[in-house]
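Below: the structure, in structure tokens.
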Amino acid sequence: MTEFLQQLINGLSLGAIYALIALGYTMVYGVLRFINFAHSDVFMVGAFAGYYISKRIPRESLGGGLLVLAGAMLICAILGIVIERLAYRPLRSRSKLNVLITAIGVSLLLENAGQFFFGANPKVFPALFPVKTFTFGNGLVMSSNQMAVFIVAIILLVSLQFIVRKTKIGTAMRAVSFNPTAASLVGINNDVVISFTFGLGSALAAAGGILYALNYPSIDPLMGILPGLKAFVAAVLGGIGNIPGAALGGLLLGIIETFVNGSRFSTYTDAIAFAILILILLFRPAGLLGKLQVEKV
Amino acid sequence: MLEIKNLKVNYGAITALQGISLEVKQGDIVTLIGANGAGKTTTLRAISGLLKLQSGEVLYQGRNIANMPAHQIVKLGMSHVPEGRMVFANLTVLENLQMGAYLRKDKKGIQQEMDYVFSVFPRLKERQKQVAGTLSGGEQQMLAIGRALMSKPKFLMLDEPSLGIAPLLVKTIFEKIVEINKQQGISILLVEQNANLALEISRYGYVLETGRIILQDQSAALRQNPQVKSAYLGGG
Ligand SMILES: Nc1ncnc2c1ncn2[C@@H]1O[C@H](COP(=O)(O)OP(=O)(O)OP(=O)(O)O)[C@@H](O)[C@H]1O
Ligand SMILES: [Mg+2]
């Protein structure tokens, strides 16, 4: 039982990171109906931004850690907004395929730029938060880094839900997502909403990058590829375009992956995890929480 | 209020509007009638900035707003209820109305508008919390009009408010349109296939045929016009 709970905790903390990345894919899909393949590299830049900022800030302190996190989120928010402005907006009226190819190009550009500026060799990511291990009564163990993942992820998810559900810009995001034309007819500048969406999604990816690096403390310019791919799958699993779906998909994927990893089939972790996902999608093609939208005429 | 001059619009190689001119005076209700594909929707979309013009002028309160983006035109006090209503089906009725007031910051004024909309369409008040996609077609039309009113427009364009709605409800909605025009002094450009009703509530009318205005006159006169009678009013 303890082992089961332990694995569940490990799975949830990995899944929370996938969830944070998946949200960016799903939100951008929501407003623009395309997959931003460069998103996984924004996640990587987030980790590196954290790495460089942390050199100037006291290590292993709560305040310092939060500062690094906030700094990296800000940098990536700006990066996301700039990518959209320069690479995607000029192609807005073109076919989605053009934009998709551009996104792959931006992704490669970021990876190469990363190798040029950060170096291709892995770097050791520092411990930002105080390092502690919490042992619970029944032998359950949790590191402070895992704890950080839970706390940060929960705060960010709740804040995101608040922004999307309760604020004016969040409501505008949902409006643009449903019908950009109607949104512009009530005075919503679609460009502003799209920029905001990219900023928000990229900030979450940065947080994901830092939390990932805290738990797997070796970072390199290609580190985003696999987690990015998985987060994308998580977004599809939850129902692409659906925000709670992305969170659920991420958590589920993290849990499945961790349990398979802990079993005797661990060599085939990714294959099995993906097989399970394909199975779920066979039965729910729109994803777990996705639904086909019905419009009355 | 609004004057368009020699408006031309193309969709690729197709010419949808071949140079039309029309005018809506302050406080007026003007209607634009015509058969399917005549170019009525295109006209409204061109005025509200959703389409690029080939040529021509759109003078709104004396200012040429041709090719200004739609969201900026809303700021000038123009509101467009699009064909097919286009309510935000994923948002609640209340959120739809709030989005209608997107550009406004005056909380008090917004609340007043909301109260006004609820007084015109009490049904919307009962359904505030309901997701708009689950409203009936008629309710969605009320919501689309209500949402357009939330920006406190001076000029309102309606694209076939009668589309797909039961005759009795159509009558109610048309009464509300007149009420809005009278009470709020909002000038209205009404696009309709239901020429009978449209000519009944409007003062002036234009008849559009394949991208050209072929007739224009006082609505009362148009209703007596033999050509209009046979083509649009069902019978000679
Ligand atoms: N997006 C588009 N691309 C190409 N052609 C279009 C497009 N939209 C409209 N058209 C064409 O332009 C012409 C005018 O269409 P419009 O929608 O303005 O007609 P309408 O008078 O509103 O008709 P209805 O009463 O059926 O709504 C039609 O021939 C239509 O096929
Ligand atoms: Mg039409």
Which numbered condition B:LEU197 misses (of (1) more than 23 Å from B:ALA16 (Cα to Cα); (2) more than 16 Å from ligand 1 (Cβ to nearest atom)): (2)
Looking only at segment B:50-61, and only at residues there that are under 23 Å from B:ALA13 (Cβ atoms) and more than 16 Å from ligand 2 (Cβ to nearest atom), the one that is surrounded by the fewest Cβ atoms within 10 Å (Cβ to Cβ): B:LYS52
Residue list for segment A:55-68, restricted to those being open to solvent by 50 Å² or more (accessible area, probe 1.4 Å) and either among the polar types (S, T, N, Q) or within 20 Å of A:LYS123 (Cα to Cα) (or both): A:LYS55, A:ARG56, A:PRO58, A:ARG59, A:GLU60
Breaking point among (1) more than 10 Å from chain A (Cβ to nearest Cβ); (2) within 20 Å of B:ILE177 (Cα to Cα); (3) touching a residue at least 12 places away in the same chain (Cβ under 8 Å); (4) over 17 Å from the mean Cα position of the chain (by Cα), for B:GLY77: (4)
Unmet criterion (only one of (1) crowded, with 17+ Cβ neighbours inside 10 Å; (2) over 16 Å from A:ALA206 (Cβ atoms)) for A:GLY71: (2)
Residue match in segment A:145-158 (condition: open to solvent by 40 Å² or more (accessible area, probe 1.4 Å) and over 26 Å from A:THR197 (Cβ atoms)): yes
Failed item in (1) away from chain A (no Cβ under 11 Å); (2) open to solvent by 30 Å² or more (accessible area, probe 1.4 Å); (3) under 20 Å from B:PRO161 (Cα atoms), with B:ILE47 passing the rest: (2)
Set B:VAL207, B:VAL228: member being at pLDDT below 90 and in contact with a helix residue (DSSP H, G or I) (Cβ under 7 Å, 6 or more places away or on another chain): B:VAL228
Answer from B:GLY84, B:GLY109, B:GLY100 - the residue that is closer than 13 Å to B:MET150 by Cβ, of a type outside the set (A, V, I, L, M, F, W, C) and in contact with an Asp or Glu (Cβ under 9 Å, 6 or more places away or on another chain): B:GLY100
Scope segment B:5-44; condition crowded, with 21+ Cβ neighbours inside 10 Å, hydroxyl-bearing (Ser, Thr, Tyr) and more than 16 Å from ligand 2 (Cβ to nearest atom); matching residues: none
Boolean, B:ALA148 is away from ligand 2 (no atom under 16 Å from the Cβ) and in contact with a Leu (Cβ under 7 Å, 6 or more places away or on another chain): yes
Residue that is under 29 Å from A:ALA49 (Cβ atoms), among the hydroxyl-bearing types (Ser, Thr, Tyr) and out of contact with any Leu (no Cβ under 6 Å at 6 or more places or on another chain), where the choices are A:SER218, A:SER266: A:SER218
Pairs where the first residue, in segment A:78-97, is farther than 12 Å from A:ASP191 by Cα and the second is open to solvent by 60 Å² or more (accessible area, probe 1.4 Å) and in a helix (DSSP H, G or I), C-beta under 7 Å, 6+ apart: A:LEU91/A:ASN98
Candidate set: segment B:115-139, residues that are in contact with a helix residue (DSSP H, G or I) (Cβ under 6 Å, 6 or more places away or on another chain) and aliphatic (A, V, I, L, M); chosen: the one farthest from B:LEU94 (Cα to Cα): B:VAL120
Helices (runs of 4 or more DSSP H) fully within segment B:39-111 counting 1 or more residues that are within 16 Å of ligand 1 (Cβ to nearest atom): B:40-47, B:70-75
Residue count, segment B:139-158 (criterion: more than 11 Å from chain A (Cβ to nearest Cβ) and within 16 Å of ligand 1 (Cβ to nearest atom)): 1
When residues of segment B:119-138 are limited to those that are free of Cβ contacts under 8 Å to residues at least 24 places away in the same chain and among the basic types (Lys, Arg), the one farthest from the other protein chains (Cβ to nearest Cβ): B:LYS125
Only listed residue being out of contact with any Gly (no Cβ under 6 Å at 6 or more places or on another chain), touching a residue at least 40 places away in the same chain (Cβ under 8 Å) and within 14 Å of chain B (Cβ to nearest Cβ), chosen from A:ASP191, A:ASP220: A:ASP191
Residue selected from segment B:121-171 under the condition buried (at least 16 other Cβ atoms within 10 Å of the Cβ) and among the hydroxyl-bearing types (Ser, Thr, Tyr), by the criterion nearest to the chain's Cα centre (by Cα): B:SER162
Lone unmet requirement of (1) more than 9 Å from ligand 1 (Cβ to nearest atom); (2) under 12 Å from the mean Cα position of the chain (by Cα); (3) among the hydroxyl-bearing types (Ser, Thr, Tyr) for B:SER21: (2)
Count - residues of segment A:231-254 that are open to solvent by 10 Å² or more (accessible area, probe 1.4 Å), in a helix (DSSP H, G or I) and closer than 21 Å to A:ASP41 by Cβ: 3
Failed condition for A:GLN161, given (1) within 30 Å of A:PHE48 (Cβ to Cβ); (2) in contact with a His (Cβ under 9 Å, 6 or more places away or on another chain); (3) open to solvent by 40 Å² or more (accessible area, probe 1.4 Å): (2)
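The values are calculated or read from the model by the stated rules, or taken from the named source; none is laboratory data. Nothing here was measured: the structure is a model prediction, and the numbers come from that model. Don't worry about glycine lacking a Cβ; one is built from the backbone with ideal geometry, like all the others, and counts go over all protein chains shown. When the accessible area is computed, the model is the full protein with side chains, heavy atoms only, and any ligands, DNA or RNA have been set aside. Shrake-Rupley method; radii C 1.70, N 1.55, O 1.52, S 1.80 Å.
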